[in-house]
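I have placed the structure first, in the form of structure tokens, so that the comments after it can refer back to it.
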Amino acid sequence: MSRPPFPPFDETTAAQKVQAAEDAWNTRDPEKVALAYTEDSVWRNRDQHVVGRAEIVKFLTSKWERELDYALRKELWGFRGNRIAVRFQYESHDASGQWFRSYGNELWEFSDDGLMRRREASINDLPINEQDRRIFGPRPEEERGKSFPLF
């Protein structure tokens with residue numbers, strides 16, 4: 001199994017990888033998302049450590065059961081060789097209806113076949129009012145490749 005584009009990345013292929021990840025995560029389909037990672041992929045997500053596709057599926061299933069109406073934006077921050085740095089924001093609400101905007105940075109490392117073998121994510125959550133939301137579902141075509149405001 002492989003997932004183009006392949007490293008080493010240039011600005012175009014790194015941006016394609018970032019958009020593909022955003023698109024996949026916005027499906028909120030753990031099985032589909034997990035296919036972008038190596039069988040033995042290693043994650044650090046906040047204070048959790050996840051190893052392997054089966055754990056990724058379990059982690060994402062639990063995540064999207066808690067983080068309702070999840071909608072994500074990712075932006076390329078930098079790249080070199082087989083590594084990409086990303087900044088992101090997403091919004092979701094909990095079962096009580098409280099909305100959050102989550103800000104984060106990710107470091108990605110890819111195998112030669114284009115699958116992600118390492119993901120390190122640092123994330124902070126900010127409670128927001130529903131009327132302060134600005135991310136509504138997957139990114140529209142006309143917004144692809146554009147930066148989004150930090151706050």
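Can you tell me which of Phe100, Phe88, Phe148, Phe110 is surrounded by 12 or more Cβ atoms within 10 Å (Cβ to Cβ), of a type outside the set (Lys, Arg) and modelled with pLDDT under 95? Reasoning before the result, please.
Values: Phe100 fails: modelled with pLDDT under 95; Phe88 fails: modelled with pLDDT under 95; Phe110 fails: modelled with pLDDT under 95.
Of the residues listed, the single one that is surrounded by 12 or more Cβ atoms within 10 Å (Cβ to Cβ), of a type outside the set (Lys, Arg) and modelled with pLDDT under 95 is Phe148.
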> Which condition number does Val50 fail, the rest of (1) part of a loop (DSSP other than H, G, I, E, B); (2) over 25 Å from Asp10 (Cβ atoms) being met?
Replying inline: (1)
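Would it be correct to say that Pro149 is without any contact (Cβ under 8 Å) to a residue 24 or more places away in the chain and of a type outside the set (Lys, Arg)? Spell out how you get there, then give the answer.
Working: without any contact (Cβ under 8 Å) to a residue 24 or more places away in the chain: yes; of a type outside the set (Lys, Arg): yes.
Taking the combined requirement at face value, the residue satisfies it.
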> Does region 114-126 hold any residues that are more than 17 Å from Arg73 (Cα to Cα) and open to solvent by 80 Å² or more (accessible area, probe 1.4 Å), and which are they?
Replying inline: Arg117, Arg118
>> Any residue that is touching a strand residue (DSSP E or B) at 6+ places or on another chain (Cβ under 8 Å), closer than 24 Å to Asp112 by Cβ, surrounded by fewer than 15 Cβ atoms within 10 Å (Cβ to Cβ) and not hydroxyl-bearing (Ser, Thr, Tyr) - is there at least one of those in region 53-76?
In response: no
> Do you know which residues across region 125-146 are farther than 10 Å from Trp99 by Cβ, in contact (Cβ under 8 Å) with a residue 24 or more places away in the chain and out of contact with any helix residue (DSSP H, G or I) (no Cβ under 8 Å at 6 or more places or on another chain)?
Replying inline: Asp125, Arg134, Ile135, Phe136
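Working only within region 26-39, note down all residues that are in contact with a strand residue (DSSP E or B) (Cβ under 7 Å, 6 or more places away or on another chain) and closer than 17 Å to Arg118 by Cβ. Full working, then the answer.
Here is the first cut: in region 26-39, the ones in contact with a strand residue (DSSP E or B) (Cβ under 7 Å, 6 or more places away or on another chain) are 26, 28, 36-38.
Matches in region 26-39: Ala36, Tyr37, Thr38.
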>> Every residue in region 28-47 that is in contact (Cβ under 8 Å) with a residue 12 or more places away in the chain, assigned to a helix (DSSP H, G or I) and open to solvent by 50 Å² or more (accessible area, probe 1.4 Å), please.
In response: Glu31
>> Tell me yes or no: at least one residue of region 54-66 is of a type in the set (Val, Ile, Thr), more than 25 Å from Ser147 (Cα to Cα), without any contact (Cβ under 8 Å) to a residue 12 or more places away in the chain and in contact with a helix residue (DSSP H, G or I) (Cβ under 8 Å, 6 or more places away or on another chain).
In response: no
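Confirm whether Ala15 is out of contact with any Lys or Arg (no Cβ under 9 Å at 6 or more places or on another chain) and open to solvent by 20 Å² or more (accessible area, probe 1.4 Å). Lay out the reasoning, then the answer.
Details: out of contact with any Lys or Arg (no Cβ under 9 Å at 6 or more places or on another chain): yes; open to solvent by 20 Å² or more (accessible area, probe 1.4 Å): yes.
The answer is yes for Ala15.
The values are calculated or read from the model by the stated rules, or taken from the named source; none is laboratory data. Just so it is clear, the structure is predicted and the values come from calculations on it, not from any experiment. Glycine gets a Cβ as well: all are built from the backbone with ideal geometry, and neighbour counts include every protein chain shown. We work out accessible area using only protein heavy atoms, side chains counted, and drop any ligands, DNA or RNA first. Shrake-Rupley method; radii C 1.70, N 1.55, O 1.52, S 1.80 Å.
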